[in-house]
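Peer 1: Structure in structure tokens, see below.
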Amino acid sequence: MRKVARTVPASGDMGTEIISIPEGTEIELKLRLEAVMEGVLVSGTASGVAVGECIRCLDEVRLPLEISFTELFSYPENRVAEDEDEDVHLVEEELINLEPVLRDAVVLALPFQPVCREDCPGLCSECGVHLADDPAHTHENADPRWSALQGILADGVPGPAAADSGRDDEKEK
């Protein structure tokens, strides 16, 4: 068994289009390498910071990640025929390529819909105003089906409340 701690730069595809660990950003690896009959068992953690944008307000999101993973890297001579259909990682020329394992672990750990905060109100659907900056932001939107009735109120014709009050006067007489 051997323990290793290293810092490595992230490759270009450590995430999705929405959020990822940017290329060249440092990822801290803490690994434990164990010799087993089939090959080398690698387990450990990877730590880094994912950067993306909030799906509601488009502000920058910085998300610290710590991902655990375990993967077996087989010696080529121990590979059996039925493993050919599976995604088997090999020890090649006494080297282990952790990049695909690390990329898969990072992508699975990233949120599908990142938000800057859980209660992010987002942007106004009418004008795009950042609602966190102006929580009282509203628009005068009238339902187009009621537009004919808006003209009645604008002309000074009494509404239903005024008509009801007149009926009460007649009942008292």
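Peer 1: Over 5 Å intervals from 0, what percent of Cα-Cα pairs in the stretch 1-110 sits in each interval?
Peer 2: All Cα pairs, binned at 5 Å, distribute as 2, 11, 20, 20, 16, 12, 9, 5, 3, 1, 0 percent.
Peer 1: If each of residue 137 and residue 68 carries a label point 7 Å out from its Cα toward its Cβ, how far apart are those two points in nm?
Peer 2: A separation of 4.2 nm, rounded to one decimal place.
Peer 1: Among 116, 127, which comes first, second and so on when ranked by fewest other beta-carbon atoms within 10 Å? Show your work: numbers first, answer last.
Peer 2: Numbers: 116 20, 127 8.
Least crowded to most crowded, the residues run 127, 116.
Peer 1: Quote the relative contact order of the stretch 2-109 in percent (integer), defining contacts as alpha-carbon pairs under 8 Å separated by 6+ residues. Please report the intermediate quantities before stating the final value.
Peer 2: Numbers: 200 pairs, mean separation 24.4, N = 108.
Contact order relative to length: 23 percent.
Peer 1: Follow-up question, since we're still on this one. Given 0.36 nm per residue, what is the gain on full extension from residue 17 to residue 35 after removing their alpha carbon distance, in nm?
Peer 2: Value of the extension gain: 2.8 nm.
Peer 1: What ranking of 27, 55 emerges when the number of other C-beta atoms within 10 Å of each C-beta is taken as an exposure proxy, fewest first?
Peer 2: Ordered by Cβ neighbours within 10 Å, fewest first: 55, 27.
Peer 1: Within a 10 angstrom radius of the beta carbon, how do 107, 61 rank from fewest other beta carbons to most?
Peer 2: Fewest-to-most Cβ neighbours within 10 Å comes out as 107, 61.
Quick note: the coordinates plus some simple rules give every number you see, no bench work behind them. Note that the coordinates shown come from a computational prediction; the quantities given were computed from them, not determined experimentally. Because the Cβ atoms are built from the backbone with ideal geometry, glycine has one as well, and the counts that use them run over all protein chains shown.
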